[in-house]
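FYI, it's all coordinate maths here, none of it is from the lab. Keep in mind that what you see is a predicted model, and the values were worked out from it rather than measured. FYI the Cβ positions are ideal-geometry reconstructions off the backbone, even for glycines, and counts take in every protein chain you see.
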Amino acid sequence: MQVEKKSWYYELATSVVWLWDEQIDVAFYYMRKKIRQFPELNQRKVTTVDTVFTSKVRSLWTVYQSAPDKFDWACCDSIFMIMLGVRVQNGASWWDVNTVLMPIHFEGLKHWALVKLDLTNWTIEVYDSLEHEGPHNSKVREGMEGLSKFIPLVAEQNSLLEFKRRDPPGNYPIPVTIMKDIPKQANGGDCGMFTIKYAECLIEGRDVRYWVIDARMKLFREWMACYLWAHAKRKLEQSYKSDEDDETDY
């Protein structure tokens with residue numbers, strides 16, 4: 001993706017501003033690229049997907065619910081391709097990993113969170129930087145319904161569920177746990193950066209309680225904005241595409 005407007009970077013660096021899908025996707029792209037370039041660091045066998053995946057799954061779940069018997073599974077081809085690691089840059093096949101990290105946006109809450117899908121045990125953990133009480137918690141669980149119920153159906157269609165489980169398939173929905181005792185945001189705009197940092201820590205095996213700290217969010221955002229701006233400028237000056245670069249970008 002090419003970013004031509006400086007406002008993209010200013011918004012990324014400003015704590016009170018929500019991150020856009022494109023900004024989240026860029027961060028998760030570089031996580032995948034780092035994993036590809038340094039596979040020895042990926043002992044936990046983790047990959048990530050972008051915001052398109054979670055949006056597509058929830059959209060198709062709505063269609064499926066309306067008429068399960070008439071549902072055309074060909075509509076899921078794009079999801080199948082992402083699971084194969086094909087239709088996502090620097091992606092990995094879900095058959096070769098244990099964990100998939102997904103950014104998810106809860107439209108009703110205007111809020112980002114991280115979903116950790118464990119393909120070995122078929123469980124879901126939600127890393128949410130807001131308090132998990134009352135209506136908020138209920139809306140998060142409601143927003144997770146499409147992922148927890150539709151992903152195993154799609155996985156069964158392409159034999160992923162049977163491949164990853166030794167017991168008979170059919171664990172619907174996938175159990176969802178909203179993680180407690182994790183760092184929270186102090187303002188309304190940093191949920192996207194919390195989501196990014198949660199994912200980085202899980203990939204690298206670091207404890208989010210000690211690394212994803214609200215007091216560091218301003219620094220994290222400024223650093224990421226400056227780094228991506230400098231990297232984009234360097235790519236423009238040297239006329240190369242990101243996937244042709246052997247150097248770790250982020």
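3J(HN,Hα) along the stretch 134-144, derived from phi through the Karplus expression 6.51 cos²θ - 1.76 cosθ + 1.60 where θ = phi - 60°, amounts to x, x, 4, 4, 5, 5, 5, 5, 5, x, 8 Hz, with x in place of Gly and Pro. Considering only alpha-carbon pairs that sit under 8 angstrom and 6 or more positions apart, the relative contact order computed for the stretch 21-213 is 22 percent.
Around the Cα centre of the stretch 21-213, unit charges on the Cβ atoms of Lys, Arg, Asp and Glu (plus for the first two, minus for the last two) sum to a dipole of about 320 debye. Please label the shape of the stretch 21-213 as rounded, prolate or oblate, based on the square roots a ≥ b ≥ c of the eigenvalues of the alpha-carbon gyration tensor (a/c under 1.5 means rounded; beyond that, a/b larger than b/c means prolate, else oblate). In terms of gyration-tensor shape, oblate. Taking a point 7 Å out from the Cα of Thr177 in the direction of its Cβ, the residues of the stretch 77-109 whose backbone N falls within less than 19 Å of it are 98-102. Taking 1.002 mPa s as the viscosity and 20 °C as the temperature, the Stokes-Einstein diffusion coefficient of the stretch 1-56 based on its alpha-carbon Kirkwood radius rounds to 165 µm²/s. With R₀ fixed at 45 Å, the C-beta to C-beta distance from Arg216 to Leu84 puts the FRET efficiency at about 0.80.
In this simple spin-label model, placing a label point 7 Å from the Cα along the Cα-to-Cβ direction at both Ser159 and Asp72 gives a separation of 2.6 nm.
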